[in-house]
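Enquirer: Provided herewith is a single structure, encoded as structure tokens, for subsequent inquiry.
Nothing in this text is a laboratory measurement; each read-out follows from the coordinates by a stated rule. Because the structure is predicted, anything quoted here is derived from the model rather than measured. Heads up, the Cβs are rebuilt from the backbone with ideal geometry, glycines too, and the neighbour counts pull from every protein chain shown.
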Amino acid sequence: MNTITSNSKKSIISRNAKIEGEIKGSEDIVVEGSIKGTIQLNGDVLVENSGVVEANVEANNIVIKGKVIGTVTAREMLAIESSGKLFGDFSSSSVNIKEGALIEGHSHMITSANKAESH
Amino acid sequence: MVSLWGKEKKDNPTVMRKNGHFKDGCTYLGKDLNVKGIILGNDDLRIDGFVEGKLDLDGELEVGQTASIEGDIIARVIAVGGKINGRISAMDKLRLENTARIKGTINTASLSVAEGALFNGEMKMGPVKREAIKPNPLPHKTNP
């Protein structure tokens, strides 16, 4: 699935920006600032070291280097880097957690069986 | 995409660099992104997608041709190439490109409009006081 068209650029929430509300769409986003609310994307989410996300996040691939408070659902892969902090439950078909990462929450792996159910 | 500012003099704001790369500390919301809520901050912002809500920036705002905004906007400098439905308050200056489609109230210290721009509504010019136009916060949603 290629949601990225040739001329599309990554959306960025910069360090001194804050969004409170609902973010939807089919873009990749990089969060350096803060987001409060919900994120529902047909794309990838990267939460940078400075990023703070207080939201339920649903995306294809999710990489957490900063802080996330909320339920995280990665349809494909969830990566939590050594600087990453996740407070909340997460579900993903594949997880990659680095040493040093901080996680508090339940894990739920999406297997091909329950993936088929949900569709 | 060509910057809205095109080949204008360099004292004009450019949120985006010429080659399409962003300055550090610039927020970009792409055209397939849909944001409902409040956007705050003191970084520059470029929007190519859809925003419903309020924008309160202490920076420059570029509204791309594909962008559509429903709501109130406050920023220092605003350039519009897209569609806006709401109150627009530009502390320093406002520029409407020829593709701009605006419905609502404009409040700005300095204005420039390109031929072809559409504007329906009320215009107020003069010094803009931030306090007077501070948008009310949206009613808070219950956070899940």
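Enquirer: Taking the beta-carbon count within 10 Å as an exposure proxy, list A:Glu54, B:Glu115 from fewest neighbours to most. Let's see the in-between values first.
Expert: Details: A:Glu54 16, B:Glu115 5.
So the ranking, lowest neighbour count to highest, is B:Glu115, A:Glu54.
Enquirer: Continuing with the same structure: For segment B:79-131, calculate the relative contact order in percent as a whole number, restricting contacts to Cα pairs under 8 Å that are 6 or more residues apart. It would help to have the intermediate numbers written out before the result.
Expert: Details: 132 pairs, mean separation 18.4, N = 53.
Taking the mean separation of contacting Cα pairs over the length of segment B:79-131, I get 35 percent.
Enquirer: So, one more: For a test of the definition: using alpha carbon positions, the gyration tensor, and the 1.5 limit on a/c, classify segment A:67-116 as rounded, prolate or oblate. Present the calculation step by step, with values, prior to reporting the outcome.
Expert: Values: a/c = 2.64, a/b = 1.75, b/c = 1.50.
Because a/c hits 1.5 or more and a/b exceeds b/c, segment A:67-116 counts as prolate.
Enquirer: Give me the number: length gained by fully extending B:Glu70 to B:Leu118, i.e. 0.36 nm times residue separation minus the C-alpha to C-alpha distance, one decimal in nm. Don't skip to the answer; put the middle values down first.
Expert: On the way: separation 48, 0.36 × 48 = 17.28 nm, distance 1.59 nm.
Between B:Glu70 and B:Leu118, full extension yields 15.7 nm more.
Enquirer: Modelling each spin label as a point 7 Å along the Cα-to-Cβ direction, I'd like the B:Met125/A:Ser107 distance in nm, to one decimal.
Expert: Those two pseudo-labels are separated by 6.3 nm.
Enquirer: Still on this model: What ranking do B:Glu122, A:Glu99 get, fewest neighbouring Cβ atoms within 10 angstrom at the top? Please list the in-between numbers first.
Expert: Values: B:Glu122 10, A:Glu99 6.
With the sparsest Cβ surroundings first, the list reads A:Glu99, B:Glu122.
Enquirer: Between A:Asp89 and A:Ser50, 0.36 nm times their residue separation minus their Cα-Cα distance comes to what? Before the final figure, lay out each step's value.
Expert: Numbers: separation 39, 0.36 × 39 = 14.04 nm, distance 2.12 nm.
Result for the pair: 11.9 nm of gain on full extension.
Enquirer: Compute the Cα gyration tensor for chain A, then decide on rounded, prolate or oblate, letting a ≥ b ≥ c be the square roots of its eigenvalues: rounded whenever a/c is under 1.5, prolate when a/b is larger than b/c in the other cases, and oblate in all that remain. Before the final figure, lay out the partial values.
Expert: Numbers: a/c = 1.61, a/b = 1.11, b/c = 1.45.
Since a/c reaches 1.5 but b/c is at least a/b, the shape of chain A is classed as oblate.
Enquirer: When A:Met109, A:Met77 are ordered from fewest to most other Cβ atoms inside 10 Å of their Cβ, what list results? Could the numbers behind the result be given before it?
Expert: On the way: A:Met109 11, A:Met77 15.
Lowest to highest Cβ neighbour count: A:Met109, A:Met77.
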